[in-house]
Ligand SMILES: Nc1nc2c(c(=O)[nH]1)N[C@H]1C(S)=C(S)[C@@H](COP(=O)(O)OP(=O)(O)OC[C@H]3O[C@@H](n4cnc5c(=O)[nH]c(N)nc54)[C@H](O)[C@@H]3O)O[C@H]1N2
Ligand SMILES: Nc1nc2c(c(=O)[nH]1)N[C@H]1C(S)=C(S)[C@@H](COP(=O)(O)OP(=O)(O)OC[C@H]3O[C@@H](n4cnc5c(=O)[nH]c(N)nc54)[C@H](O)[C@@H]3O)O[C@H]1N2
Ligand code: SF4
Ligand SMILES: [Mo]
């Protein structure tokens, strides 16, 4: 390090499995560089390419960042604003909000948020304010992973207590079902997976980089996951791989699964899924041999029967009793609860009393179109880009009688509609905590830079707004120092922020966790509830079923729009160096599908659903099977430029959790 250079250790809090350790270096001339922390276990000195560019680009660029509160002077969506002081902005917001609540009640205020930052305080504290005023929440997970949570939490009693990646040394097989770590967990992919020594099986319609290097890639037709799972179960039974003792002692309802198995032979599953029968048998053999870890991704449950697909895939460890021992188990997302994180406390759950029912993201556009919603707050997300029913949503956001406040780092397409845009400080600019959703760890997010302009952390914005509204519940004014200290004490007695900052990341608990080692499950019965009325009441079927989607007709393709390498949802789409690489306007199909339609690579095509259409650039790719079109999610969108892929999605729902089924869209593609 050059003399006079200062380095501050911190953590990337974006929505990513990795939670990389970072160094923010400031040299003697004041020049700042953001890099990976060489001493960090996960990232080992490198950040992903997108963050490397963005954190040394648009993320710190005062010309790109919002530096002052803005008040709208133009029409909604036009993006014309004038700067105002924090005092003036907060006073007027408090006044407008006060009147709306008085006349129409707290439930006429809607707030939508997600994981712009996953920092524990910045990601949760604002909910205290909304709970206190009785506002209505747009259920955040419904745009992402709710079907999976709804399935696993009913089955196991929790969806956030997954295998501990530290136990990988004990695993003989790792099965990755519907996740793409090569893009969404790049360091986990490169180090944890590659160094595991395990047999790796990937279940995914796309031949992505993790699939390409796996020992076995089960390239199923999208929407046939449950059929594949049942085919695997049939093969496993034939191999004598069922753990009958475990099934009897620890589960309820397996008979409803077993009664379907005679029919779901590997040969049948091969016909339905498009995966070779031999590969299904090989995967079953490797899984049974084990010990096996099953990583259930978030991508594959975004389909019509996503909840059922999740329940079916999760039967593999259940039927084989590969739970509660090192090197076994399943992981969806690891919640911070096992590290002492109390999300109810962070988000002020106690303040909610009997709050109004949350709204699904799938119903957001329709909800906003009605005049009973009078005010909208958006923070930590960019709904104009990421949410479905895009055209209807943009129309609803244009309602002149809807009072909108948006808090972001940037003037996003969503912010263009706001009456007030409030500048958020970035995670580099304040202290907070990060709890990885893959590893059992807790990390310091340490202030490394001064905020851009007058930007403030989310939590400080809501403390000030609470003050402006004369709301005096102590939780609304609690300091970050107090929350950090309490959270760390719960994570590990005696752990201070100072010592965590020195280490960057701390493994919590110190010893690897073996979930369900005691064979007790936090369900009502204490067992794994494979089949139950609770699923029926939630809109699903009693037991998981070997159902599947038929292949698309000859003129349509199934559109998958998962994460790509270059964007973090819509974030960084406004960084020119990132946008150029992200190729957000490209749609990929197989050479056969292009040929069948007479489409030339590089040509402009119209992609349509009954909900809308979009002009994109066609590319031919060997990674995409016949019957499928691939586009990456969420290129940056300014409303005046029109639309992105979410204009094609009318807000399809999955079977459980009112959650997104964005990967079930059928599209037509024709030359323009
Ligand atoms: N680079 C990057 N990283 C990210 C994000 C990003 O936008 N960019 N987003 C973050 C967020 S918000 C999330 S939720 C996570 C998600 O990260 P992951 O859990 O990895 O999920 P996705 O990448 O959405 O989708 C994973 C895979 O699901 C596959 N898939 C689609 N349909 C089916 C199906 O019917 N069956 C099966 N078996 N597979 C299917 C897709 O082909 C894709 O390869 O990533 C996070 N990390
Ligand atoms: N077609 C299609 N659509 C999808 C998906 C898909 O797979 N396909 N994936 C879905 C999924 S999994 C998800 S999670 C959603 C994600 O959708 P969004 O939640 O909209 O995600 P981002 O686009 O990253 O928006 C995050 C915003 O938060 C801002 N931000 C960052 N840090 C802070 C902060 O500290 N404070 C504040 N106030 N703002 C901050 C960023 O600048 C950015 O504008 O998209 C969903 N949409
Ligand atoms: S987004 Fe993920 S891979 Fe990229 S720097 Fe952040 S934690 Fe690391
Ligand atoms: Mo997500």
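Readers should treat all values here as calculations from the given coordinates under stated rules, not as data from a laboratory. Please read all numbers here as calculations on a predicted model, not as lab measurements. For neighbour counting, all protein chains shown are included, and Cβ atoms are generated from backbone atoms with ideal geometry for every residue, glycine included.
Quick check on region 425-466: take the gyration tensor over C-alpha atoms, sort the square-rooted eigenvalues as a ≥ b ≥ c, and tell me if it's rounded (a/c under 1.5), prolate or oblate. Note, shape of region 425-466 comes out oblate.
Pop the C-beta distance of residue 353 and residue 49 into the FRET formula with R0 = 60 Å and round what comes out to the nearest 0.05.
0.85
Shape index of the chain: Rg/Rh, with Rg the Cα radius of gyration and Rh the Kirkwood radius from the inverse mean 1/r over Cα pairs, equals 0.95. Peptide packing for 285-293, 197-205, 22-30 was compared via the average number of neighbouring C-beta atoms within 10 Å per residue; ordered from the highest value, the list is 197-205, 285-293, 22-30. In plain terms, the C-alpha convex hull of region 533-576 casts an average shadow of 6.5 nm² when viewed from every direction.
Within region 618-663, the ratio Rg/Rh, alpha carbon atoms throughout and Rh by Kirkwood, equals 1.04. Note on region 199-313: Cα-Cα pairs beyond 16 Å make up 61% of the total pair count. Descending by average beta-carbon neighbour count within 10 Å, the peptides 153-164, 611-622 line up as 153-164, 611-622, the highest first. Computed from the mean reciprocal separation of all distinct C-alpha pairs, what Kirkwood hydrodynamic radius does region 1-59 have, in Å? Result for region 1-59 stands at 11.7 Å.
Quick one: grab the alpha carbon gyration tensor of region 318-401, order the square roots of its eigenvalues as a ≥ b ≥ c, and give me rounded if a/c is under 1.5, else prolate or oblate depending on whether a/b is larger than b/c.
It comes out prolate by the Cα gyration axes.
Axis of helix 480-491 versus longest Cα principal axis of the chain: the two differ by about 20°, to the nearest ten degrees. Starting from the alpha-carbon convex hull of region 566-639, give the projected area averaged over all orientations, in nm². With every direction weighted equally, the projected area is 5.6 nm². For region 207-277, the relative contact order is 46 percent, taking Cα pairs closer than 8 Å that sit 6 or more residues apart in sequence and dividing their mean separation by the residue count. The fewest-to-most ranking of 447, 245 by surrounding Cβ atoms within 10 Å reads 245, 447.
Across region 128-241, the convex hull enclosing all Cα atoms gives 166 Å³ per residue. Extending 7 Å from Cα along the Cβ direction at residue 248 and again at residue 524 yields two label points whose distance is 2.6 nm. Over all distinct Cα-Cα pairs of region 448-554, the Kirkwood formula returns a hydrodynamic radius of 20.1 Å. What the Cα atoms of region 113-156 give is an Rg and a Dmax of 12.5, 34 Å. All C-alpha pair distances within region 221-268, sorted into 5 Å bins from zero, spread as 5, 20, 27, 25, 15, 6, 2, 0 percent across the bins.
In terms of packing, defined here as the mean over residues of other Cβ atoms within 10 angstrom, the peptides 87-95, 378-386 line up highest first as 378-386, 87-95. Rounded, prolate or oblate for region 286-364? Axes are the square roots of the Cα gyration tensor eigenvalues, ordered a ≥ b ≥ c, and the cut-off for rounded is a/c under 1.5. Judged from the Cα gyration tensor, region 286-364 comes out oblate (a/c at least 1.5, b/c at or above a/b). Treating region 355-497 as a set of equal point scatterers at the Cα positions, no solvent, please give the Debye-formula log₁₀ I(q)/I(0) at q = 0.09 Å⁻¹. After summing over all Cα pairs, the log10 values are -0.38. If you wrap the Cα atoms of region 287-442 in a convex hull and average its projected area over all directions, you get 12.7 nm².
Translational diffusion coefficient of region 496-594 (Stokes-Einstein, Kirkwood radius from Cα pairs, 20 °C, 1.002 mPa s): 105 µm²/s. Over the C-alpha trace of region 1-101, radius of gyration and Dmax come out as 19.4, 57 angstrom. With a Förster radius of 60 Å applied to the beta-carbon distance between residue 61 and residue 555, the computed FRET efficiency rounds to 0.85.
Angle of helix 225-238 to the longest C-alpha principal axis of the chain, folded into 0 to 90 degrees and rounded to 10: 40°. Expressed to the nearest 5 percent, the antiparallel share of DSSP beta bridges inside the chain is 45 percent.
Computed from label points 7 Å out along Cα-Cβ, the spacing between residue 238 and residue 608 is 4.5 nm. Based on alpha-carbon atoms, the Kirkwood radius and the radius of gyration of region 79-131 give Rg/Rh equal to 1.03. When the Cα atoms of region 47-108 are aligned to their principal axes, the ranges along those axes come out at 50, 26, 24 Å in descending order. Averaging 1/r over every pair of different alpha carbons in region 25-72 and inverting the result gives a Kirkwood radius of 12.6 Å.
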